[in-house]
Structure formats: C-alpha cells, structure tokens
1. Which one, [x] 15.1, 47; [y] 14.3, 51; [z] 16.8, 52, gives Rg and Dmax of the Cα atoms in Å as derived from the coordinates shown?
2. Let me know the charge dipole size of segment 13-69 about its Cα centre in debye, to the nearest 20, where only the beta-carbon of Lys, Arg (+1) and Asp, Glu (-1) is charged.
3. If you only keep lysine pairs separated by 8 or more in sequence, or across chains, how many in the chain come under 18 Å at the Cα atoms?
4. Can you give the calculated 222 nm mean residue ellipticity of the chain, where each DSSP H run of n ≥ 4 adds -39,500 (n - 2.57) and the sum is split over every residue, rounded to the nearest 500 deg cm²/dmol?
5. Quick one: helix 45-67 against the long Cα principal axis of the chain, what's the angle to the nearest 10°, folded into 0 to 90?
6. Can you sort L29, L47 so the residue with the fewest Cβ neighbours within 10 Å comes first?
7. Among V46, C31, A78, which residue has its Cα positioned farthest towards the positive end of the charge dipole of the chain, with +1 placed on the Cβ of Lys and Arg, -1 on the Cβ of Asp and Glu, and the dipole taken about the Cα centre?
8. On C-alpha positions alone, give me the angle between the axis of helix 13-36 and the longest principal axis of the chain, in degrees, nearest 10.
Amino acid sequence: MTENIKGYRTLDQSDIQLINDIKSIEENLGCFIKSELSSDGDYDQVLISKACSELMSGFMLLNRAVAKPNNPYPQFKAKKK
C-alpha cells in the first residue's frame, strides 16, 4: 500500500530520485561546511551561520519545486512574469 503525504501529489520514481539527489548534495555541503569552516578556523561564524540558514531555505525550495505541493494559500499565488 502506498500512502501519500497530505497536500502533495503522488511522486514518480524520477521525482523521488531527484529529491534524494538534492538531499544528498545538501548533506555533503553540510559536512563540508562543518569540516572546513568550523569554529576552529578564523572565519566569521555569524556569516557562516546565516549562510547555513539561507542554504536550508534554498534546498527546501528546490525540493518543493520538484514535489510541487498544493498551495494552502491560493490568495498568495505567485504571479507569472
């Protein structure tokens, strides 16, 4: 039995693979940041923290672009250019 996530369309295997690929890239980037830009180095940790927050948002948006969930706020639908 296949269960769907409420508010999301049924994903095909290529969509699932693409989301998994995005998640792998996100995980690898997180490991890189942790190992190469950790607080041991002479790097601005405030900016690194902000960058990590922005990256989390960006990866979430990439996954949503693939998954195309239903819009629970239709009154705020993005206008087409």
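1. The value computed from this structure is option [z].
2. That gives segment 13-69 a dipole magnitude of about 340 debye.
3. The result is 7.
4. Rounded to the nearest 500, it is -20500 deg cm²/dmol.
5. For helix 45-67, the angle is close to 20 degrees.
6. Fewest-to-most ranking of L29, L47: L47, L29.
7. After comparing all options, I get A78.
8. The angle comes out at about 10 degrees.
We did not get these values from a lab; they are worked out from the coordinates using the rules stated. The model shown is predicted, which means the values in this text are computed figures rather than measured ones. Methodologically, a virtual Cβ is constructed for each residue, glycine included, from the backbone with ideal geometry; neighbour enumeration extends over all protein chains shown.
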